[in-house]
Amino acid sequence: RSVNSLIYQTYRFPPAAIKPDPRVAITICPHQRCYIHSLTDPECPANVSTFRPMFEAWHKAGMQATTFEYHTQMPGASRYIPMEKAWIEDLRFYRDLNMLGYGFITRSPFGNYGSRNNPFNEHMWMSLWQQHWLTAYFSWNIDADFDSVYEKINAAYYGKTWPMMKAYREELRNALYAPKLHMGYGTPDAVLGQCFENPGLGERLHALLDKAETAAADDALLLKRVRRDREFLKLSWEDAYDIYK
């Protein structure tokens, strides 16, 4: 038998007056932390000033800890955000704190949600497929080189369209970080929309997608994958930009 306590909302920091019982396992729920930056990123004031110290305090208290993460609560209809590198840095931070694991919440791929079918439920897995794949890989090999693994899996997935799609994803990533914003649980879609305000960004992204579609014209699977990215771009970034405007 075991006892587990959710470290939740206003009760997320260790008590100051008493020492927590280390026999109680805890699940840390970092509401409002920023997920496009890692907990150790000095460029993220909220993470560095509040959430990293919170994790470190529980570690110092000697607690058996896991997490409940909130990637599902990010902005954009399908959560189409290139935030996977920050998340892998978080996994390394958790390893350094000897944490027991993490709760990575998602939606099953190609599921039928009946009356709850919407872009969030239907597309989240494929919108964030890189993050899902890399989470599994780095859970077994946390010290692997991120850039080389990222290159390998995307080259395999996108095939001959990867040169164009690599440039496309770099444009998206640059746009995500250019406004120096922060995103977490409950961030409005308009915040993601602000990232699309970069002059000419939409034209550059669609031009790269056009080139990728041309390269994939004789390969039905690759063409489907490229067109899926175009759909996610509209559902998350372009629709969010309309809200922002």
Within segment 62-70, is there a residue that is under 20 Å from Ala190 (Cβ atoms) and touching a Leu at 6+ places or on another chain (Cβ under 9 Å)? no
Segment 26-54, residues that are closer than 17 Å to Thr66 by Cα, surrounded by fewer than 16 Cβ atoms within 10 Å (Cβ to Cβ) and either polar (S, T, N, Q) or at pLDDT below 95 (or both): His31
Looking at the structure I just gave you, is Gly159 out of contact with any helix residue (DSSP H, G or I) (no Cβ under 8 Å at 6 or more places or on another chain) and either open to solvent by less than 50 Å² (accessible area, probe 1.4 Å) or aromatic (Phe, Trp, Tyr) (or both)? no
His123 versus (1) farther than 17 Å from Phe232 by Cβ; (2) in contact with a helix residue (DSSP H, G or I) (Cβ under 7 Å, 6 or more places away or on another chain); (3) at pLDDT below 95; (4) buried (at least 21 other Cβ atoms within 10 Å of the Cβ): which is the lone unmet condition? (1)
Could you tell me whether any residue of segment 200-213 is under 19 Å from His71 (Cβ atoms), in a helix (DSSP H, G or I) and out of contact with any strand residue (DSSP E or B) (no Cβ under 6 Å at 6 or more places or on another chain)? no
If you go through segment 178-196 one residue at a time, do you hit one that is under 19 Å from Ile153 (Cα atoms) and open to solvent by less than 50 Å² (accessible area, probe 1.4 Å)? no
Do you know which residues across segment 73-117 are among the acidic types (Asp, Glu) and either in contact (Cβ under 8 Å) with a residue 60 or more places away in the chain or part of a loop (DSSP other than H, G, I, E, B) (or both)? Glu84
Being part of a helix (DSSP H, G or I), farther than 21 Å from Trp87 by Cα and not β-branched (Val, Ile, Thr) is the filter here; which residues of segment 10-52 pass it? Tyr11
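The values are calculated or read from the model by the stated rules, or taken from the named source; none is laboratory data. All figures in this text were calculated on a predicted structure; none of them were measured in a lab. Virtual Cβ from ideal backbone geometry, glycine too; neighbours counted across all protein chains shown. Please note that ligands, DNA and RNA were not included when accessible areas were found on the heavy atoms of the full protein model with its side chains. Shrake-Rupley method; radii C 1.70, N 1.55, O 1.52, S 1.80 Å.
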